[in-house]
Structure formats: structure tokens, C-alpha cells
Amino acid sequence: MDRLVIAGKEFDSRLFVGTGKFSSGEVMAKAVEASATGMVTVALRRVDFGATDNILSFLDFTKYHFLPNTSGARNAAEAVRIARMCRAARGDTWVKLEVTPEPRYLLPDGGETLRATEALVKEGFTVLPYIQADPVLAKQLQDAGASTVMPLGSPIGSNQGIRTRDSIEIIIEQATVPVVVDAGLGAPSHAAEAMELGADAVLVNTAIAVAGDPIAMAQAFKIAVEAGRMAFLAKRAAPQRTAQASSPLENFLRNA
Amino acid sequence: MFSQFLREFDFGPWHQKAAQANDADVSAVLTKSHIALDDLPVLLSSQCLSHLDALAKRAQAVTRQRFGNTIQLYIPLYISNRCQNACLYCGFSTANRTPRKTLGIEEILDECNHIRNLGFRNLLLVSGETPELLQNNFLESIIKHLAKDFASLSIEVQPFDESVYRTLCEAGLDGVTLYQETYDPLVYTQVHPSGSKSNYPYRLDTMDRAAAAGVRKINIGALLGLGDPVYEAFRVALHCRYLLTRHWRSSVAISFPRMRESESRYRAPYPVDDRRFIQIMLAFRLVFPDQDLVLSTREPAALRDVLSSIAVTYMSAGSKTSPGAYTKSDTACSQFELEDTRSVEEIRSTLNANGLDVVWKDWNQNLNAQHILQAEVP
């Protein structure tokens, strides 16, 4: 698969994975490995830096780039605080920005996300913001220095797939940074769909963690992302409404 | 405020639906793709009791889907068993002649040390209703002390004014647990004859005040056994829906305390048997797929194990309901008898064996405490 570059860092895999909701640290680690991902995200609110068997201890960070996320933050100030806390504890400067004031659907607050992005970019962070599929916001974030934009397919954990297709297409068309479709991807076919649309990568958590066999599901997502990307590069023909002869003018021109 | 909303809501149609539900009605709800609040009466009907297996299967699927394969643990810390109320059913009633104790700050810190070593990062501070809590900023200073050691601090004490909750939030308070006990005003008056707790509407509006003050986690419930369980369940559900809509920034959790033997030797007029109890929790899981359902160690181990695999997402473990009991053995009386007396390690191990990962920490305390920004760096 062609390499993906985010903020100067190269990735072989276009599937990123989250680490929540697994039945154990061991299963999580095995699923992450099966996904062949190059980047793993962890909710900092889950991390107890003081404990020796915290969620981070299950992951080999020589193999995966660590992307802490600010899930739980309700406004820009909280998100910035969480990012700084992680940098102070571990030195990480990459952060997945999640500002979600409403705890049921966990939909992102665009205004606060933009504010947090501006502040964190100024402080030298590499910011990957999670957003509603809002093309204007996506452009504003890119202007503010975000290293990707991460529009949602559907609400976190809902497994409904891509319900924001038209807007994601616009975002992809207008993007100057990689676009990562994040949230709501419930099946490998959803991930393939995102890649066929032209997304640069996808991020998946719930669909893998709550699958009957998370390790097999992680592998399925890996294959789907590869297939979707290959299809995109092969320039899939646009769907036609009517049957078309391969070249309606060919015979006429040959005989003209 | 909720007290007004409750007064104005007509529960007639719900009670009728529950009374008239037949087998076809139950099947229809259980196979719907989207179950709504309006379906609660059918789920709580006597007819639905013969569909518990189907109810459980669906509840399990929803719980795993929304919460993953995880369960959160918390522990209660009783800071005082002094109480000025005379609730008929409670071991702390002022009418009970029993040794009373309020822990000092050093004793509380000792208890918390022990609690942290067990693994807990979610702490529930519990007390009888005593004016000591607000004297000399006692409760506020406890919260300030403990804020750095726990990811989430909740209180289960008397209802406060909004300004008090605001102060406590600034000190680091994350959650408020408060049970209406019974939503039936007549029963309420009978079982709460004296003390501040006799004020029914003030208690009912507590979560409005707490949420307005910025409390993030609110935990409601009725004490099953005091009033008719379907009556109570309808009102708890309405309360939950109201809070979710009106106070959208807060998370609402629902607890299911069930009457137990206590010092007061009060006999529940509406005892809820295990099947009914399970039915109520499963119904709530289907109608509120995203809300934490909480079950304490009041309930026996086997029941807790099965409910944690199908509906419950937040549990206590290794609890003691008497002040000082984590570090000392000769303690003042407890609030009620516990059934699940397993150690924390035993409970963790059983949960793991059932395919559930224990989540000790799921919040950053410093997100609540505005004044302790300095504590950002662990």
C-alpha cells in the first residue's frame, strides 16, 4: 500500500486503532497486533500514570506510534490541560483532540476544538482533531495548523457506518492535510467505503473491541482498508445509471 | 425544576399500558429496532416476566455494544453515621441507640490510603445527614485533600443548595448520588417523619441544583421495597429522561438499591423478588442504553455476577458501611447489612473470568478542580 505521511511521519498502514472497551489488556494487545496498525490511540482519562499495570503497559511503543487522546474534555481549556499533562508525563507531542461536552453521543464541539487546536499548535503540539463532518470547520482547522482532520462517520461507538458521506467527500476534495475518517465505523465494509471515497486513513475502536473475535475482526479491518485504498488508486469507475457501450462514438469515428 | 415537571406528568397511560400488556405487546417491543421510553410500561408489565430470557439477551447485546467488555468499580467511604433524620428503614436513624462516629481528617486519609491500595480510583463519600459536613468547610476540605488521589469523587449525603454544590465542584467534586427513596409523596411522608429529609420537593429538585452547579455525574434511584415498584420505576425513568434533556452536560446513572435488613428492623411493604428486580434493571438498560446502571454490595454475589454480564456497568466491591471500618475492626454500627462480602480481588477475578475488564479510572480529577491546575503533572 502507498505510504501515508502525517506531520512528516510515515505510516505503512492506513488503519489506526483505539484501545478502549476490550475485555482485557491482553486481548487488546493481540487485536492491535493483528490490525498491523502503525498508530494506536489511548484515552488519557483511562491512564493511571502511577499504576504499573496501566493500559499503556500492554502496548509495545517501539512498534506503534502513541497517540494520546483528550476524550472526556468538555471544552478547549480541559483539552489543552490534558495534552499538557501527557507531554509532561511522557514527552508526547502528538495529540488526538476530542472535545465532547455531551456524554451520550460524544459529538464534538467544533468551536472549542478549533480554539484548542490554535492553542496547542502554538505550543508545538501535532494536533489531530476529531470533528463533525463540517467542511468549513475542516478548512479552518487546516488553516490553524492541524496535521489531519478526522471527520466522524457516525457517533462514537454507534457502529452505523458512514452517515456523513456527502460532507466527507467535500472535506476530502478540499483537504490539504490527510483526512482520517474516525468514529462509527462498524464493519470492515464501512472502512473500505471510506477508503474508496478517498480518505487517507480510518480509525476504528468499538467495532473491533466488541466483536465476538476481536483479533479476527482487527485483521478483517486491515484487509478492508487495504482493499479500499487499492480500489481508490485503481480509480474505480463512477456508477452509471444506464447501461453504456464501452465507447459510443468508437464505431462512428472509425468509419468516419 | 423536576418537582413541577413530575406533578404535571400524567402517568395514567403508562400504568394502563403496563396493566393491559399481553404477550404480543411484549414480543413486539422486544423485536423493535429502537426501544423508546414509551415502551417501558410494556417492559415492566407482569406479562413481560415470562420473557426474561429474551429481555436479558437483548440487554446484554446493548450493554456490550455501548460499554464494551468493561465494568467500572467504586467503593463507598462512610465518614459519619451521625444523622438528624428518623427514616423508618435506616440503621442511621436518629431513633436508633447506636454508637455514632464522625471520622477526623487523619482517619479519612488512612481509610483512603487503604482504599487506594486496593486499586480504587472512584470514591463515594457517604454520611448520615449531619450539620458537621458544612461546619468549618469540613466536607469541602475533605474533597480538596482527596482530589489528587482519586479520579472521581462523589458524595452521597444530604441535599445541598446550588451554591454549596458550586463550592464543592471547585474543590474537586465530580458526582452526586442521591436517592429519592420513594417518589410517592404519601409514602415519603410516612417513612421520613422528621428532620430535613422530610422535605420531599427539596430532595426531588436536588439534581437540578447539582447539575446547574456543574456536577458532572448524577446518580438517582428509588429504594425498592418502600413503594410499588412499577410506580417507582416509572418515576425514576421520567427523572432520568428529564435530567438527560434538561442538563445535557451531565452524565446520569441509575442505581437500584433494594431494601435490606437493618438496625431499624423495618419491613418493606413492597418487597421486590429477584425476578422482578432483574426485570426492572433489564428494562432500564433497554430504555436507557447509554446510562450507567449501578449495583452495590447490598446484593448477593451470584446475582451481581449475572447482572454485571447483562446490564450493570458500575459496581462497588469490598464495601464497608460503617465509619472507619476499612482500617479498624471495632466500629460504630453500619447502615445496612451487606450480602456480597467478597474481597475486591475475588470480585475482580470473577469479572475477568466472565470476560470483563475492570476499569478503575475513567476520568481526570483535575478536569473538575479549577484551583488545582498545578496538579496537572503527575
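Assorted remarks:
- Cα centroid of the stretch A:132-147 to Cα centroid of the stretch A:154-171, whole Å: 16
- Among beta bridges that DSSP assigns inside the protein assembly as shown, antiparallel share in %, nearest 5: 5
- A Gaussian network model of chain A, with springs between Cα atoms under 10 Å, assigns the largest mean-square fluctuation among A:Ala79, A:Ala119, A:Ala133 to A:Ala119.
- Considering only A:Glu226, A:Glu102, A:Glu112, the mean-square fluctuation computed in a Gaussian network model of chain A, springs between alpha carbons under 10 angstrom, is largest for A:Glu102.
- Those residues of the stretch A:22-47 for which accessible area with every protein chain present is at least 30 Å² below the isolated value (1.4 Å probe): A:Ser23, A:Arg45, A:Arg46
- Positions from the stretch A:65-97 whose accessible area shrinks by 50 Å² or more when the full protein complex is built, not the chain alone, probe 1.4 Å: A:Arg74, A:Arg81, A:Met85
- Going from the isolated chain to the complete set of protein chains, the stretch B:64-99 loses at least 40 Å² of heavy-atom accessible area (1.4 Å probe) at B:Gln65, B:Arg66, B:Asn69.
- Solvent-accessible surface (1.4 angstrom probe) belonging to B:His145, in square angstrom, nearest 10: 80
- Taking all protein chains as they are arranged and a probe of 1.4 Å, the heavy atoms of A:Leu106 leave approximately 50 Å² accessible to solvent.
- Normalised by residue count, chain A yields a Cα convex hull volume of 145 Å³ per residue.
- The protein assembly as shown - accessible surface per residue (Å², probe 1.4 Å): 40
- Heavy-atom accessible area, probed at 1.4 angstrom with all protein chains present, ranks A:Glu10, B:Glu8 as B:Glu8, A:Glu10, highest first.
- For the stretch B:134-254, Kirkwood radius (reciprocal of mean inverse C-alpha pair distance, Å): 15.0
- Cross-link table A:Lys63/B:Lys144; B:Lys148/B:Lys320; A:Lys96/B:Lys217; A:Lys139/B:Lys217; A:Lys21/B:Lys328; B:Lys144/B:Lys361, entries beyond 30 Å C-alpha to C-alpha: A:Lys63/B:Lys144; A:Lys139/B:Lys217; A:Lys21/B:Lys328
- Tilt relative to chain B, helix B:105-117 - C-alpha long axis, 0 to 90 degrees, to 10: 60
- Whole-number percent relative contact order across the stretch A:1-101, with pairs defined as alpha carbons under 8 Å at least 6 apart: 22
- Rounded to two decimals, the Cα radius of gyration of the stretch B:236-337 over 2.2 N^0.38 Å is 1.23.
- Degrees separating the helix B:274-287 axis from the principal Cα axis of chain B, which is the longest one: 90
- A:Val5 sits with roughly 70 Å² accessible to a 1.4 Å probe, with DNA, RNA and ligands left out of the calculation.
- Chain A, relative contact order in percent, only Cα pairs under 8 angstrom and at least six apart counted: 18
- If you look at the Cα atoms of chain B, you get an Rg and a Dmax of 19.9, 60 Å.
- Largest accessible area first, the residues B:Lys328, B:Lys57, B:Lys101 order themselves as B:Lys57, B:Lys328, B:Lys101 under a 1.4 Å probe with ligands, DNA and RNA left out.
- In the calculated pair-distance distribution of the stretch A:1-144, the portion above 22 angstrom amounts to 41 percent of the Cα-Cα pairs.
- Taking every alpha-carbon pair under 8 Å whose residues sit at least 6 apart, chain B reaches a relative contact order of 25 percent.
- Nearest-ten-degree value, helix A:188-197 long axis tilted from longest Cα axis of chain A: 60
- The A and B chains share an interface that buries close to 2700 Å² of accessible area, total over both sides, probe 1.4 Å.
- Among the protein heavy atoms of the protein assembly as shown, carbon and sulfur supply 50% of the accessible surface, probe 1.4 Å, non-protein parts ignored.
- Seen from all directions on average, the stretch A:1-83 presents a Cα convex hull projection of 6.4 nm².
- Shown are A:Asp92, B:Asp149, B:Asp174, whose ranking by accessible area with a 1.4 Å probe and every protein chain present, most to least, is B:Asp149, A:Asp92, B:Asp174.
- Values of log10 I(q)/I(0), in the order q = 0.21 Å⁻¹, for the stretch A:54-101 under a Debye, Cα-only, solvent-free model: -0.73
- Hydrodynamic radius of the protein assembly as shown per Kirkwood, over alpha carbon pairs, in Å: 26.1
The values are calculated or read from the model by the stated rules, or taken from the named source; none is laboratory data. Since the model is a prediction, treat every value here as computed from it, not as a measurement. These accessible areas exclude ligands, DNA and RNA; they are computed on the full protein's heavy atoms, side chains included. Shrake-Rupley method; radii C 1.70, N 1.55, O 1.52, S 1.80 Å.
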